[in-house]
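The values are calculated or read from the model by the stated rules, or taken from the named source; none is laboratory data. Note that the structure is predicted; figures quoted are calculated from it, not measured. Positions of Cβ are generated from backbone atoms using ideal geometry, with glycine treated the same way; all protein chains shown enter the neighbour counts.
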Amino acid sequence: MSGDGNGASRREAVALGAGSLMAAMMLDSTRAFALTAGNDAGNLEGLPWANKAMRWIQVAFVEDDPPSYDPQFWFDFFKKTHADAVCLSAGGCICFYPSKLPLQKRAKYLGDRDMFGEMVKGARELGMSIVARVDPHAMSEEAFAAHPEWAACTIDGKPRRHWAAKDMWVTCQNAGFMFDFMPQVLKEITQTYQPEGFFGNRWAGSGMCYCKTCRMLFRMATGMELPTSDDPQDPQRHAYIAWNAEMRWRQFKLWDDTVKAVKSDCFFSPNGGMNDPNKVTIPIVGVDRQGRSGPTPLWMMGKYAKITRAYMHNLPVAGIFNVGVEDHNRWKDSVQRGPELQAWMRGGIAQGFRPWMCKFKAKPFDTRWVEPVTEIYQWHFANDRYMRNTANLARVAMVNSTQTGVYTAGGAPLTAGDNIPVAQRVTDSQNGYYQALVESRIPFEMADDRQLDAKYIDRYRVLVLPDIAALSDAQCRQIRDYVTKGGRIVATGETSLYDEAGRKRDNFGLADLFGCDYVKTGSGVQNSYLTPRHPHDLTKGLEDAPRIIAATQQITVKPHGDAKPPLTLVPSYPDLPMERVYPAPDEAETDIPMAFCNTVGKGRVVYFPMDIDRTFWEVLAEDHLVLLKNAVLWAAQETQPMTVTGPGLVDIAYWRQEKSLAAHLVNMTNPMMMKGPYRTIMPLDGPLTVTLVVPRGVDTKKVTLLESGKTPRWSRNGHLLTVEVPSVRLHEVIAVDLS
C-alpha cells in the first residue's frame with residue numbers, strides 16, 4: 001500500500017476508536033497454517049495444578065439465579081464428585097459480580113450480590129482451582145449506544161441484533177469490544193478474584209462481519225475488500241481465511257498476556273484451544289462437544305479427544321459434556337437420562353479426555369443428572385492413577401487435515417460432482433475409516449498434518465490418509481521420507497492431489513508412492529463393482545465374493561508398472577430397466593486397478609483410487625470393512641499392541657501410565673450406537689480375550705478389571721499378556737500394575 005493509503009487507514013482507525021486494534025494491522029496473511037511457537041509439556045512448569053486437575057465441573061449461571069440459588073448444593077456436589085477444578089460464569093456480555101466497568105451489563109437480578117465471588121470462595125475452601133468463564137459474543141443496549149462501532153454488521157453494513165436476545169447486539173470479533181473492552185474485563189476479574197485461569201465461550205465471533213473496522217483492517221493487511229464468495233479459491237476468501245486465523249491468534253495473545261500481567265501463573269484458554277499444534281501455549285483445553293444429536297455415533301466423543309490430543313500432545317485435554325439435550329434446538333434446561341450421559345462420556349475418557357461436566361443454570365429443578373454424573377466421577381476418582389496417561393501405545397494413526405477441510409471446502413457449497421458438498425465428503429471419508437478401525441478393533445490415534453516431521457510420526461507404524469486431498473510439497477516429502485525409512489501409509493481418493501492451499505496439481509504429490517499417475521476424477525458413479533483377485537492379503541475374507549460394490553467416486557489412474565492389482569473395476573452399467581441390469585460382455589472383468597499395494601524403500605503403501613471410506617460411511621457394507629481393515633494390517637506387517645477377540649462391537653484404547661498399563665474396552669453393542677440417546681446399557685457377554693504387548697523390561701505385578709473390580713484370568717508369555725474378560729457392562733478397563 002502507498003504511504004498515503006496507509007496514513008488514511010490510520011486516521012480511519014483513530015476515527016473508529018480502534019485503540020489497540022492498530023496492533024493487528026499489516027498482518028501476513030500467508031501464515032495461517034504455518035505459525036511457529038513452542039509446544040511441549042514444559043508449558044506446565046509454572047502451572048502444576050492444571051496437570052493435576054483430573055475432574056472438572058462447569059456451572060453456567062443465568063440471570064435469575066442470584067436471588068434464589070443454593071451455593072451449598074454445588075459445594076456438596078463438588079465434594080462428592082471429587083472435582084478438582086470448577087469453571088464459573090464471570091463476565092463479558094453479562095457479569096455475575098459487582099463490576100466497576102460501566103459498560104459491562106450486570107445480571108438482571110444480581111442486585112448487590114456477588115454470585116461469582118461466593119462460588120469462588122466456597123470452591124477455594126474445598127481446595128479447588130478456579131477458572132473464570134467469559135462470553136464476549138454480545139453486548140447491551142448501553143454498550144451499543146456508547147460504541148456502535150463494536151457491533152458486528154451484515155454484508156450491507158447494518159449492525160446485527162442478537163438472534164435470540166433482542167435487547168442485545170452481536171459483537172464484532174475484530175473491533176473494540178474484543179480488543180479494548182474485554183482486556184479491561186479480564187484485568188478486573190484477575191485483580192479481584194485471582195483465578196487460576198479463564199475459559200472463553202464464543203470468543204472468536206459469530207460469523208462473518210462486514211463492519212467498518214473489519215473492512216479497514218482487512219484492507220490494510222491485504223489490500224483487498226472483504227470477500228462475498230464462500231469459495232476458498234476465490235483470492236479474497238483465501239486471504240480472509242489466513243487473515244482471520246492470524247487475528248484470532250492476536251486476540252488470544254492479547255487476552256492471555258493481559259491476565260498474565262496481573263497474575264503470572266494465570267492463562268486464557270479458548271473453547272477448543274487454538275487448533276494449531278505450533279501455537280499451543282495453554283495448559284488445559286476444554287473441548288465443547290456437549291452431546292449427541294442426529295446420527296452421531298457413540299465413538300465421536302473419543303474422536304474429538306484424539307483430534308485435540310493430536311495438537312495438544314501430552315498437555316491435558318478435557319471433554320465438556322452437558323447434562324441437557326444438545327441439539328440445534330438447544331434444550332438447555334432438559335436432562336439426559338443416565339445411560340446416554342455415561343456412554344458419551346465414557347467413550348471420551350477411554351480416548352484420553354478428562355471429564356468436564358457442564359450444567360446450565362445454578363438452580364437445578366430437575367436433578368436426575370446428579371446420580372449418573374456422580375457415578376462417572378466417583379469411578380474416575382477411584383481409578384485416578386490409571387487415568388493419568390503418559391503415552392498412548394497405538395501404532396496406527398489417522399491423519400487429520402485442517403487445511404484439507406478449509407481449502408478444498410471452507411464451508412462452501414461446493415460439490416464434487418454428485419451433489420455432496422466437498423466439506424461433507426472430507427468428513428465422511430474420515431468417519432468411514434474411523435468406523436472401520438473401531439469395528440476392526442485396531443488401536444489407533446490421530447496425527448495432525450501440520451506436524452508430520454519425524455519426532456511426531458515415527459512412533460507410528462502406519463499412517464492412514466482418508467482422502468487427505470491438500471498436502472504441501474514439504475508435507476509430501478515428510479511422508480515420502482517416513483515411508484522410505486520403514487513407515488507405512490494407507491491412502492484413499494484424491495489424497496495429495498491438491499497443494500496446501502487447495503490448488504489442484506496435475507498429478508498426485510505422492511504418485512511415486514502410490515505407483516500410479518492421476519488422470520481424472522469421476523463422481524456420482526452408480527451400479528459399479530469391484531472384482532477381488534486372489535490370492536492376496538488385501539482380499540482375505542472375500543474368497544467367496546466374486547464381486548463387491550464399488551465406491552461412488554472413482555479416480556482414473558495410469559499404473560507405473562504391470563503388477564497384477566488385488567482389486568479391479570467392473571465399470572458402471574444400467575440399473576434400470578431391470579432387464580438391462582448387466583454389464584457389457586467386455587466389461588464384466590477388466591484389468592482396471594482399484595487398489596495398489598506397493599513396497600517402497602523399507603516401507604509399504606496401499607492406495608485406493610476411490611472414496612471407499614466415504615462410501616463405507618454411507619452404506620456400511622461389510623465387504624468394504626474387510627478391505628479397509630486388511631489394508632492397515634498388510635501395511636503394518638506386525639502384531640498390534642492390543643488385540644481383542646470375541647463377540648460385539650467395542651471401542652478400544654491402550655495407555656501407559658507411570659507404573660501401570662490400562663487397556664480400555666467401551667461396549668458399543670447397542671442399537672442406539674449410531675443414533676442417540678441410549679435408552680439402556682446392554683452388557684456385552686463375553687468372554688473377550690485381550691492380548692497386550694507389554695513394554696520390555698517390566699514385570700506384571702497385578703491385573704484388575706476396574707469396572708467389575710474382579711481379578712481376571714491372565715497369563716504372560718514373553719512380552720505378550722493375555723487377559724480373559726468375562727463381560728463388559730459399558731466400559732471395562734484392564735489395569736496392569738507393573739514392577
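Let me spell it out: the conditions are (1) small (G, A, S); (2) assigned to a loop (DSSP other than H, G, I, E, B); (3) under 30 Å from E622 (Cα atoms); (4) over 30 Å from the mean Cα position of the chain (by Cα), and S708 meets all of them except one. Which number is the exception? So S708 meets the others, but not (3). Scanning region 131-140 for residues that are touching a Lys or Arg at 6+ places or on another chain (Cβ under 9 Å), touching a residue at least 12 places away in the same chain (Cβ under 8 Å) and not in a strand (DSSP E or B) turns up at least one hit. Can you confirm whether E118 is in a helix (DSSP H, G or I) and either buried (at least 18 other Cβ atoms within 10 Å of the Cβ) or acidic (D, E) (or both)? Criteria met by E118. Annotation note: Cβ proximity below 8 Å between a residue of region 49-71 that is within 13 Å of F116 (Cβ to Cβ) and a residue that is of a type in the set (S, T, N, Q) (sequence gap 6+ or interchain) occurs for V59/S89; A60/S89; F61/S89.
Selection of region 178-199 for residues being crowded, with 20+ Cβ neighbours inside 10 Å and either farther than 29 Å from V317 by Cβ or of a type in the set (S, T, N, Q) (or both) yields F181, T190.
Conditions tested, residue by residue: (1) out of contact with any helix residue (DSSP H, G or I) (no Cβ under 9 Å at 6 or more places or on another chain); (2) in contact (Cβ under 8 Å) with a residue 40 or more places away in the chain; (3) crowded, with 16+ Cβ neighbours inside 10 Å.
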| site | (1), (2), (3) |
| --- | --- |
| Y678 | no, yes, yes |
| V694 | yes, yes, yes |
| R713 | yes, no, no |
| T722 | yes, no, no |
| V728 | yes, yes, yes |
| H731 | no, yes, yes |
| I734 | yes, yes, yes |
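Does C209 qualify as being among the hydrophobic types (A, V, I, L, M, F, W, C) and part of a loop (DSSP other than H, G, I, E, B)? Here the answer is yes, as C209 does meet what is asked. Per this entry, G676 is not counted among residues that are part of a strand (DSSP E or B), more than 19 Å from Y386 (Cα to Cα) and at pLDDT below 95. Condition check for L661 on (1) under 25 Å from T495 (Cα atoms); (2) buried (at least 20 other Cβ atoms within 10 Å of the Cβ): one failure, at (1).
Remark: pairs (first residue in region 193-219, over 22 Å from W169 (Cα atoms); second residue part of a helix (DSSP H, G or I) and of a type in the set (K, R); Cβ separation under 7 Å; 6+ apart in sequence or on different chains) are absent. Consider only pairs whose beta carbons are under 6 Å apart and that are at least six residues apart or on different chains; among these, list those whose first residue lies in region 541-566 and is assigned by TED's automatic domain parsing to the domain that holds D428 and whose second residue is among the acidic types (D, E). So the pair list comes out as I548/D623; A551/D611; Q553/D611; K558/D517. Just one of (1) in contact with a helix residue (DSSP H, G or I) (Cβ under 6 Å, 6 or more places away or on another chain); (2) within 19 Å of V373 (Cβ to Cβ); (3) surrounded by fewer than 20 Cβ atoms within 10 Å (Cβ to Cβ) fails for D76. It is (1).
Pull up region 592-640, narrow it to residues that are among the basic types (K, R) and either touching a helix residue (DSSP H, G or I) at 6+ places or on another chain (Cβ under 6 Å) or in a strand (DSSP E or B) (or both), then point me to the one that is nearest to Q526 (Cα to Cα). Ranking the qualifying residues of region 592-640, first place goes to R614.
Among the residues of region 462-477, the ones that are buried (at least 19 other Cβ atoms within 10 Å of the Cβ) and outside any loop (DSSP other than H, G, I, E, B) come to 7 in all. Kindly check whether there is at least one residue in region 715-730 that is closer than 18 Å to Q351 by Cα and in contact with a Leu (Cβ under 7 Å, 6 or more places away or on another chain). Yes, because at least one residue in region 715-730 is closer than 18 Å to Q351 by Cα and in contact with a Leu (Cβ under 7 Å, 6 or more places away or on another chain). Residues in region 491-519 that are out of contact with any Asp or Glu (no Cβ under 9 Å at 6 or more places or on another chain), in a loop (DSSP other than H, G, I, E, B) and closer than 23 Å to T599 by Cα: 4 in all. Could you list, in sequence order, the residues of region 547-569 that are farther than 15 Å from M610 by Cα and at pLDDT 95 or above? Residues satisfying the conditions are R547, H560.
Would you check if there is a residue in region 187-205 being modelled with pLDDT under 95 and closer than 30 Å to R503 by Cα? Yes - at least one qualifying residue is present in region 187-205. Of all residues in region 697-711, those that are of a type in the set (V, I, T), modelled with pLDDT of 95 or more and either surrounded by fewer than 18 Cβ atoms within 10 Å (Cβ to Cβ) or in contact with a Lys or Arg (Cβ under 8 Å, 6 or more places away or on another chain) (or both) total 3. On the given criteria, is L633 modelled with pLDDT of 95 or more and at positive phi? No: the conditions fail for L633.
Mind checking whether some residue in region 350-358 is farther than 22 Å from R289 by Cβ and in a helix (DSSP H, G or I)? No, there is no match, as no residue in region 350-358 is farther than 22 Å from R289 by Cβ and in a helix (DSSP H, G or I). Against the conditions (1) crowded, with 20+ Cβ neighbours inside 10 Å; (2) within 28 Å of Y460 (Cβ to Cβ), P364 satisfies every one except (2).
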